[in-house]
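What follows is a short report on a single structure.
Here, each number is a calculation from the coordinates, and none is a lab measurement. Note that the structure is predicted; figures quoted are calculated from it, not measured. So basically every Cβ, Gly included, is an ideal-geometry build from the backbone, and we count neighbours across all protein chains shown.
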Amino acid sequence: MNVYIPVLIALGFGVALGSILSGLAHFMGPRNPRPEKNDPYECGVPKVTGATEKMSVKFYLTAILFILFDIETIFLYLWAKAFPQLGWFGVIEVMVFMTILVVGYIYVVKRGALEWD
Amino acid sequence: MGLTMNEFTVQFIATLLKFAVIAGLCINIPPIMVWAERRVPAFMQRRKGPNRVGIFKWRLYGLLQSAADAVKLIFKEEVVPEGAAKAFYHIAPVFSVFPAIMVAMAIPYGPDIQLFGYTIPLSVIRVDVGFLFIFAISSLAVYGVTIAGWASNNKYSLLGALRASAQMISYEIPLGMSLIPIVLLYGSLDLNTIVIAQSQIWKWGVVLSPISFCLFVIAMFAETNRAPFDLAEAEGELVAGFHTEYTSAKFAAFFLAEYVSMFVLSCLAATVFFGGWQIPFFDIRSLDVLIGIPGVSGLVGFGVLFVKAAFFMWLYVWVRWTIPRFRYDQLMSLGWKFMIPIGLLNVVVTAIVLAVIRF
């Protein structure tokens, strides 16, 4: 049997379960909307501004750095799988790779990209 | 693979059966964990916790409190906040639930069993690259959190979602790096092969690579947004974080996703570091012949893995009620400035030591 048939079954079930829960919320309970009730929660006071205003640029920076470092991690997985076949050549190659990665990492730290104040 | 139609049918039916069992488990884990999470701290703080709800005169230590809560949640009114992005608001719980369910299917719950002349693996999804599959799918959980927070039109939700997503992606790197030494040691990306390799206690992942284990446990707590890293829903600051505006069964959906992913990570920790379904000094697979009932090894293996996973589930509750919450800058510098360098060093040292021993 193709190994991806169970993946499709699981995907279908997961989406169905989420949709059922989401739908139950929508159709089972009572509905008595009032303007005060529908206000976004802000500790009981009327809301002052919209929600999607300015946010810290640090979050964008974190996301960008994540993409860089996560790709290295995935690459290392494949290297780890091929490790017995590669031998010492693989070890030395990964050392070179790590050196470049660490230089980049030190640059990121020195520029203060990881500082949260 | 050149299978006959008959074998395909058998494997398909077996897959559906296994799927039903694991899906039932996934749906029942959250209520039991909610109950445990109210009873365990009650014992720690010398109070009773919920102990009333039961059937007729049997109170069952209040175990049915969660069932009552679930029914109550479903019949509650759903309040959609004014100005919410409706489509995204309704779809966010789906994005939260399905990655958790899918990853739960990829864990090997027991040894391959022989039934009616067919070999049936005891994991629903058996791919050769189990690790990569689990990481790929579990990363999708970030979307549920981000969409929920953004679509709610609430400042607290948005801040909670930003914090949660930044934290989840930051700790995904140490989580991934902590498992590379395991792949180096056992030479496989398939979880079942790794379990089979851990037949003795000195071959367990936690013995061979203790630093990996420490990194994994810390990253595991951060990845599920649990205390001491529950910055995403810090009650004192953000009300409830990304699900502030969610009520009724949608709120329950987020909890289901959280507890199922806790269970999956507990299973993964047990599988990778504590020998999965294996017991030291005894091969469970020989039980079939020993007792004479085919498939009994699968049941025992499932039980063993479940006990090991239950320990980690309990660890989640224990830590939550023991350690205070981190500050956000401390959390991020722990992830980026401490765990990533240690993780890289761990990979390099393991590789060099293995190369010296093997080549």
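Computed about its Cα centre, the charge dipole of the protein assembly as shown is approximately 1160 debye, with only Lys, Arg, Asp and Glu carrying charge at their Cβ.
Would you mind working out the magnitude of the charge dipole of the range B:81-358 relative to its Cα centre, with +1 at each Lys and Arg C-beta and -1 at each Asp and Glu C-beta, to the nearest 20 Debye? Walk me through the intermediate numbers first.
Numbers: 14 positive and 15 negative charges, 56 e Å.
Using only the charged Cβ atoms, the result is roughly 280 debye.
Computed over the alpha carbons of the protein assembly as shown, Rg followed by Dmax gives 23.4, 73 Å. Annotation: amide H of B:Trp204 has no partner in the under-5 Å range at sequence separation 5 or more or interchain, hydrogens built in the peptide plane. Nearest 10 degrees is fine. How inclined is helix B:340-358 to the longest principal axis of chain B, computing both from alpha carbons? Between the helix axis and the principal axis of chain B, the angle is about 0 degrees. Look at the alpha carbon pairs under 8 Å that are at least 6 residues apart: their mean separation over the length of chain B gives a relative contact order of 21 percent.
Sites listed here are chymotrypsin sites (Phe, Trp or Tyr not before Pro) in the range B:52-92 whose DSSP assignment is loop and whose Cβ has at most 16 other Cβ atoms within 10 Å: B:Phe56, B:Phe75.
Loop sites here are trypsin sites (Lys or Arg not before Pro) outside DSSP states H, G, I, E and B with no more than 15 other Cβ atoms within 10 Å. The longest part of chain A free of them is A:55-110.
If you take the beta carbon distance between A:Thr49 and B:Ser139 as r and set R0 to 35 Å, what does 1/(1 + (r/R0)^6) give as a FRET efficiency, to the nearest 0.05? So the FRET efficiency works out to roughly 0.60. For chain A, the Cβ-based charge dipole about the Cα centre amounts to some 240 debye (Lys, Arg positive; Asp, Glu negative; other atoms uncharged). Percentage of Cα-Cα pair distances in chain A greater than 21 Å, rounded to whole percent? Of all Cα-Cα pairs in chain A, 72 percent lie more than 21 Å apart. Placing unit charges on the Cβ atoms of the charged side chains and taking the dipole of the protein assembly as shown about its Cα centre, the candidate lying farthest along the positive direction among B:Trp277, B:Gln45, B:Val289 is B:Gln45. Once both axes come from the Cα atoms, what is the angle between helix B:155-186 and the longest principal axis of chain B, in degrees from 0 to 90, rounded to 10? In chain B, helix B:155-186 runs at an angle near 10 degrees to the longest axis. In chain B, the longest principal axis of the Cα atoms and the axis of helix B:86-104 are about 30 degrees apart. For the range B:105-215, the convex hull drawn through the C-alpha positions has a volume of 121 cubic angstrom per residue. Normalised by 2.2 N^0.38 Å, where N is the number of residues, the alpha-carbon radius of gyration of chain B equals 1.05. Look at where the Cα atoms of the range B:242-282 and of the range A:54-76 average out, and the two centres are 25 Å apart.
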